[in-house]
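The values are calculated or read from the model by the stated rules, or taken from the named source; none is laboratory data. Predicted, not measured: the structure shown is a model, and the values here were computed from it. Cβ sites come from the backbone with ideal geometry, for glycine too, and all protein chains shown count toward neighbours. Just so you know, the surface numbers come from the protein's heavy atoms only, side chains and all, with ligands and any DNA or RNA stripped out. Shrake-Rupley method; radii C 1.70, N 1.55, O 1.52, S 1.80 Å.
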Amino acid sequence: MTRKEFEIIILRLRPLMVKVGRDFFGNQMDAEDVAQEALLRLWNYCERLSADRNLEALAVKVAKNVCVDLYKNRNTYEDEITSNIASPPSQSADAELHAKEVQQKIDEAMERLNPRERDLLKARQLEGKSAEEISEQTGIPKSSVKSMISMARKKLKTDLQKHLKLW
């Protein structure tokens, strides 16, 4: 298939990939990311694709794989935050001072989140509530709760990177 032919087919495939992303993550922003990444992957292989192939099914499969990849990357990212924050330098004589400074910076970064993000993140991290429990409590769909918590963690990490030299 030529790139010109593929450009025409994209118009038909893109909405399918956005739907997969929206169903997986529960929000439009992540759905658009999924569609963009999936289209890029297909674009890289379009000259090897046959017009006889079920391109809709292939597009959905690629979009699902992108969703899984994005989800895994986010979880790895969150694990890094937790491990770096939870373990201040133990060799240092001023480890306690460092831990207090880190906690202060975390508290300040939490205050810079919008109230909804802060509440959801506190419910998950501090109160240990599951996404399902938070969903029931707030009336927000479970997938949206997960996505919003993920975005809040990402914002928190970015903010902490600006204000601390943890990473």
If you check V102 against the conditions, is it in a helix (DSSP H, G or I), over 30 Å from I10 (Cβ atoms) and modelled with pLDDT under 85? yes
Filtered residues of the range 111-136 (kept if part of a helix (DSSP H, G or I) and exposed (fewer than 14 other Cβ atoms within 10 Å of the Cβ)): E111, R112, P115, R116, L126, E132, E136
Of the conditions (1) over 15 Å from S150 (Cα atoms); (2) crowded, with 17+ Cβ neighbours inside 10 Å, E32 satisfies every one except a single condition; which number is it? (2)
Only residues that are within 15 Å of the chain's Cα centre (by Cα) and either modelled with pLDDT under 90 or open to solvent by 30 Å² or more (accessible area, probe 1.4 Å) (or both): list them for the range 4-24, please. R22, D23, F24
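Within the range 63-74, is there a residue that is part of a helix (DSSP H, G or I), over 30 Å from I9 (Cα atoms) and modelled with pLDDT under 85?
Here is the first cut: in the range 63-74, the residues part of a helix (DSSP H, G or I) are 63-74.
From what is left, the residues that are over 30 Å from I9 (Cα atoms) are 74.
Of the ones still in play, those that are also modelled with pLDDT under 85 are 74.
Looking for residues that are part of a helix (DSSP H, G or I), over 30 Å from I9 (Cα atoms) and modelled with pLDDT under 85, one finds at least one in the range 63-74, hence yes.
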